[in-house]
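Colleague: First, the structure itself, so that you have it in front of you.
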Amino acid sequence: MRLWLVWVLLISLPAWAAQAENPSDLDAWLSHVAKATEQLSYEGTYIYQRDDNVEISHIAHRKDRAGELSKLDALSGPPHAFVRVNDAVYCYIPDGDQVKVERHQHYKFFPALLPSSTATLTKHYSLSSLGQAHIADHDSFGVSLTPLDEYRYSYAVWADMKTGLLLKLVKFDNQQNVSGQFTFTQVDIGQATD
């Protein structure tokens, strides 16, 4: 009987060891997510959905000593691409035999949607745990952001538990219906195309 009990415990051990701890300080977790999204290199495909509109995009982000570089390619709708070099953003729009280039300042792409300083979030939102989920083949942890006033939207965000990369963001209207969401369907963290 003892041998059987030891065998059951040994088989169950990997499952116990694989379960990661949920972050206990949600404010610190969101701060980690905001910083990780800016500092990590990653490449993946995500879906943006709002009402009946669905857009698919591919993003590659690289951070190194030279700075920050992101490229966002639209995979649905008219062909266009955005390239972000540090704080400058360029939009490439094929137009016949030419390419139009427009420059924009301070434009952020998903997943870099959280503010760098999360102090403003905790000032205007109540945070609660949504627990763990599996998104784009990554174990993630979710946080609900409920506004403290009637002037803001509610959000739910999930980030990779190992790296902090934001994997999913859902925005809710004032009746708590989903009004928009970004979700990675595939993402490789720690690498990006040169």
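Colleague: Please report the net charge: other residues with Cβ closer than 13 Å to the Cβ of L121, K and R +1, D and E -1. The partial results should precede the final answer.
Modeller: Details: positive: K123, R152; negative: D27.
Summing Lys/Arg as +1 and Asp/Glu as -1 gives +1.
Colleague: Which of the aspartates and glutamates could be linked to K162 by a straight reach, that is with a Cα gap under 15 Å, when you skip same-chain ones fewer than 8 residues away?
Modeller: K162 reaches E21, D137, D139, D188.
Colleague: Still on this structure, I have one more. Using the alpha-carbon centroid of each, what span in Å lies between region 45-69 and region 121-194?
Modeller: Spelled out, the Cα-based centre of one part sits 15 Å from the other.
Colleague: Let me ask something additional. So which lysines pass the test for K108, namely a Cα distance under 17 Å, with those fewer than 8 places away in the same chain ruled out?
Modeller: K35, K63, K71, K168, K171
Colleague: Separate question: Report the extension gain between K35 and L148 in nm, rounded to one decimal, defined as 0.36 nm multiplied by the number of residues separating them, less their alpha carbon distance. Walk me through the numbers on the way to the answer.
Modeller: Numbers: separation 113, 0.36 × 113 = 40.68 nm, distance 2.43 nm.
The K35-L148 span can extend by a further 38.3 nm.
Colleague: Compute the length gained on full extension between H80 and S116: take 0.36 nm times their separation in residues and subtract their Cα-Cα distance, giving the result in nm to one decimal. Write out the running numbers ahead of the final one.
Modeller: Details: separation 36, 0.36 × 36 = 12.96 nm, distance 2.73 nm.
Length gained, H80 through S116: 10.2 nm.
Colleague: Excluding ligands and nucleic acids, what accessible area in Å² is computed for T185 using a 1.4 Å probe, to the nearest 10?
Modeller: 80
The values are calculated or read from the model by the stated rules, or taken from the named source; none is laboratory data. Just so it is clear, the structure is predicted and the values come from calculations on it, not from any experiment. Cβ sites come from the backbone with ideal geometry, for glycine too, and all protein chains shown count toward neighbours. These area figures cover heavy atoms from the full protein model, side chains too; ligands, DNA and RNA do not enter into them. Shrake-Rupley method; radii C 1.70, N 1.55, O 1.52, S 1.80 Å.
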